[in-house]
Amino acid sequence: MPAMPEIAARTRSVSAAAATAQTASAPAAISPGKSGSNFLRLEYLALIAPAFLLAITVHECAHAWMANRMGDPTAKDMGRLTLNPLPHLDLFGTIAILVLGFGWAKPVMVNPLNLKNPRRDNLWISLAGPVSNLLSALILGMLFRAGERFLGLSHSGELILLMLLLAVRLNIILAVFNLLPIPPLDGYHILEGLVSHRIYLRLQQFERAGSMVLLGLVLISSFARVNIFGAIFNPFLALFGTIFAGQSLAF
C-alpha cells in the first residue's frame, strides 16, 4: 500500500451494440431494422434510453453502496450512492452511446486506504455492479412476463413490452461485459482478489495496456464486422433471456 492515500478509479463501460441491437422479438412496427425512417430511429432511441439510464444507474449505485458497506465512503460523499442517474452520467459517454452504440458512465472512486482488506473488499465492490444488473434483469423479466399476460396487443402495450425486453437484454449485456477480466472492467478487479499475491503483482504490469485492448476489441467488433462480443454475449443472452423473460435474447 502506498504511504499516501490513493484513489482508484474504475471505468464502467457499456457494451458496444448495447443501444443499437434489436431485441429478438421486437414488433416489426417499431423495429429500427425494418425501416430507415428517422422517426422509427428516434422512437427506438426513446425506448432504449430508459433502459440505458436504469442499467448504468443501478450498476454504479451498487458499486457505491458496496464500497460504503466495506468502509469507504468516498463514492457516497461524492453523491454517487443514489438512484438518480444524473450523478452517474458522463457527457461524452452518453453521447457515444447515442451516436456510436457504446459508451460509459463516470468511474466510481474507491480509496483503498479506507478498506480493511483492499484486495478482498475490492472484489466485492467490483462484483456488486454486475450482480445488480442481473438482479435488475430478473425483475424486469418478471415484469415482462406479467405484461405479456395483462397488456393487450395495442401499440402502447407493445411499446412497453419492447422497452422491458430491451432493458432485460441491456442489463445482461452490461453484466457479462463488465465481468470480462480485462482492465479496467470489474472482472479484472474480481480476478485480482482471487489470485495469489505473486500473480497479483504480475497482473499490475498489464493494467495500463488493458484499456487499449478493450478499445481495440470494441472498434473491431463495431467497425470491422467481426462479431467478437456477439460470440461472448449470445450464450448468456440465450440462457438468462430464457430464464428471466421466457425467450432467448441472443443476437
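Computed from the coordinates by the stated procedures, all read-outs in this text should not be read as laboratory data. Note that the coordinates shown come from a computational prediction; the quantities given were computed from them, not determined experimentally. Positions of Cβ are generated from backbone atoms using ideal geometry, with glycine treated the same way; all protein chains shown enter the neighbour counts.
Quick one: if you stick a label point 7 Å off each Cα along the C-beta vector at Phe150 and Glu43, how many nm between them?
Distance between the two pseudo-spin positions: 2.6 nm.
Please list, in order along segment 42-52, the HN-Hα scalar couplings obtained from phi with the Karplus expression 6.51 cos²θ - 1.76 cosθ + 1.60 (θ = phi - 60°), rounded to whole Hz, x for Gly and Pro.
5, 5, 5, 4, 5, 6, 7, 4, x, 5, 5
Once amide H atoms are built 1.01 Å from N in the peptide plane, which residues 5 or more positions from Ala105, or in another chain, come under 5 Å H to H?
Those lying under 5 Å, H to H, from Ala105 are Arg12, Val14.
Say each of Phe223 and Ile139 gets a label point 7 Å from the Cα, pointing the same way as Cα to Cβ; how far apart are those two points in nm?
Taking the simple label geometry, Phe223 and Ile139 are separated by 3.8 nm.
If each residue of separation counts as 0.36 nm, what is the full-extension length gain between Met212 and Phe92 once their alpha-carbon separation is subtracted? Could the numbers behind the result be given before it?
Working: separation 120, 0.36 × 120 = 43.20 nm, distance 1.79 nm.
Using 0.36 nm per residue and subtracting the Cα-Cα distance, I get 41.4 nm.
For Ile199 and Thr82, compute 0.36 nm times the residue count separating them, minus their Cα-Cα distance, and round to one decimal in nm. Walk me through the numbers before you get to the answer.
Numbers: separation 117, 0.36 × 117 = 42.12 nm, distance 3.54 nm.
That works out to 38.6 nm of additional length.
How big is D for segment 59-188, in µm² s⁻¹ as a whole number, if Stokes-Einstein is applied with the Kirkwood radius of its Cα pairs at 4 °C and 1.567 mPa s?
Values: Rh = 16.1 Å.
This corresponds to a translational diffusion coefficient of 81 µm²/s.
Would you mind ranking His197, His88 so that the residue whose beta carbon has the fewest other beta carbons within 10 Å leads the list?
Values: His197 8, His88 26.
With the sparsest Cβ surroundings first, the list reads His197, His88.
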